[in-house]
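Read the structure below first, then the notes.
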Amino acid sequence: MNHQNRKHYPIGQKPVHLTYRLYGSIPKSFDEHLKDKRDRAFAVARAKSLKYPSEIGGHFLAKSIFDINARYELALDSFLHENSNGPYHLSKSELAAEVLKSYQFLHDKGQLYVYAVCVMSNHVHAIVKAPEELEEVASGLIMSRHKSHTARKCNELLGLTGLPFWEDDYFDRTVRDGKFITVMWYVLNNPVNAGLVDNWREWPNCWINPDYELLFTR
């Protein structure tokens, strides 16, 4: 089955949940298995959408695609926590710091508004939006710059200059209305759900925008 290339939309004024992982952290065979399962679900959803009037069918298909992609991402996230055999480069504090510094630079320079970032040993979660003065920013350009910069810095620290560091793709999903708090807790509690700490504040590689810190103090 031919997998469709994932389409990335601009980052606008609604929060967007970004997820991406280290190169080689998920076996290609497992990823292909999940993609096949996802593509079959897409085909079923498209067939069902044709049974409705065009406008209703369009809404049904959009929601179905959103939910199917969410299940695919959650399956990958679960594998990264429970079954991955590495690499775990981001468990090194100096490498995780480079990822956090990159986001803080983007935020401070007004290129991106960052709500929160959680750097795990083999993947990263972030919640971002466009800065207030911009209607939108190109997610592909921002992610390309961020990943290129951090890959170069991290590979230099590892002595692996020139080797792949990140997987090429990334996931970006707009946070649905009313789900912001839930998604923020999901990102911040990644190390808690992985059984690494009891409270996200104990994890050294989480960062939250000070404007939102009081909402997530427990």
When Thr217 is evaluated against the numbered criteria (1) out of contact with any strand residue (DSSP E or B) (no Cβ under 9 Å at 6 or more places or on another chain); (2) crowded, with 16+ Cβ neighbours inside 10 Å; (3) of a type in the set (S, T, N, Q), which criterion, by number, is the only one it fails? (2)
Counting only residues that are open to solvent by less than 80 Å² (accessible area, probe 1.4 Å) and within 22 Å of Lys92 (Cβ to Cβ), how many does the stretch 190-205 have? 9
Which of the residues belonging to the stretch 99-141 are β-branched (Val, Ile, Thr) and over 21 Å from Arg152 (Cα atoms)? Val114, Ile127, Val128, Val137
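Listed here are the residues, each with its yes/no results for (1) within 30 Å of Lys35 (Cα to Cα); (2) in contact with a helix residue (DSSP H, G or I) (Cβ under 9 Å, 6 or more places away or on another chain); (3) touching a residue at least 12 places away in the same chain (Cβ under 8 Å).
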| site | (1), (2), (3) |
| --- | --- |
| Tyr113 | no, yes, yes |
| Asn122 | yes, yes, yes |
| Glu135 | no, no, yes |
| Ser139 | yes, no, yes |
| Val192 | yes, yes, no |
| Glu202 | no, yes, no |
| Tyr212 | no, yes, yes |
Conditions (1) among the small types (Gly, Ala, Ser); (2) more than 30 Å from Lys147 (Cα to Cα); (3) not in a helix (DSSP H, G or I); number of the one not met by Gly24: (2)
Considering each residue of the stretch 33-60, count those that are aliphatic (A, V, I, L, M) and open to solvent by 50 Å² or more (accessible area, probe 1.4 Å), and give that number. 5
Given (1) open to solvent by less than 60 Å² (accessible area, probe 1.4 Å); (2) out of contact with any helix residue (DSSP H, G or I) (no Cβ under 8 Å at 6 or more places or on another chain), Lys63 misses just (1)
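The values are calculated or read from the model by the stated rules, or taken from the named source; none is laboratory data. Because the structure is a prediction, the values reported are computed rather than measured. Please note: Cβ atoms are built from the backbone with ideal geometry, for glycine as well, and neighbour counts cover all protein chains shown. For accessibility, only protein heavy atoms count, side chains too; no ligands or nucleic acids. Shrake-Rupley method; radii C 1.70, N 1.55, O 1.52, S 1.80 Å.
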